[in-house]
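Have a look at the structure below, then the notes.
Just so it is clear, none of the values below were taken in a lab; they were calculated from the coordinates. What you are looking at is a predicted structure, and each value in this text was computed from that prediction instead of being measured. Cβ sites come from the backbone with ideal geometry, for glycine too, and all protein chains shown count toward neighbours.
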Amino acid sequence: MIALIALLCTQPVLAVQDTLSPVARRMLADVRYLSDTARQGRGVGTRGIEDAARYIAAQFKQAKVAPADSAKTYFQQFTISPDAPAAMHSSAAGAVTRNVVAVIPGTNKTLRGEVVIIGAHYDHLGYGGFGALRMVSSWRSML
């Protein structure tokens, strides 16, 4: 019995089989990147939110999704209104930040003038809470 235990303990541990599909692996990588502490909770005005915006834009570019801006950029700059609900509970009022936007043109000639908007926000109030991960998950669904 002792010999069997010794034999089992000296055998290499079997590697855990990766059962994730390539799509699931990519989704996990996106969530890990966007929710990493290096993103500083994606708080407005942090380097972390800027890193997240660049990452999302790079994913759009890799997917060959067109920038929505006529200047051929994925970024739409705006100032947070002082009376925005999030601004009332943080120091975000008046802060300049940006959306990440892209366009997938339709191909149906009948619906040419129609627009469908799908959105998710990637910002957060900084560290803490489950809201940050929930927001990352919504962006990940779009990527």
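List of remarks:
- Built amide H within the under 5 Å cut-off of GLY43, gap 5+: ILE49, HIS124, GLY126
- For the peptides 95-105, 69-79, residues were scored by their other Cβ atoms within 10 Å and the scores averaged per peptide; the highest-first order is 95-105, 69-79.
- Distance between the pseudo-spin-label points of HIS121 and ASP36 (7 Å out from Cα toward the beta carbon): 2.5 nm.
- Charge tally for ASP123 (other residues, Cβ to Cβ under 11 Å; Lys, Arg +1; Asp, Glu -1): +2.
- For THR37, the shell of other residues with beta-carbons less than 13 Å away shows a net charge of +2, using +1 for Lys and Arg and -1 for Asp and Glu.
- Packing, as the average of other Cβ atoms within 10 Å across residues, places the peptides 60-67, 38-45 in the order 38-45, 60-67, highest first.
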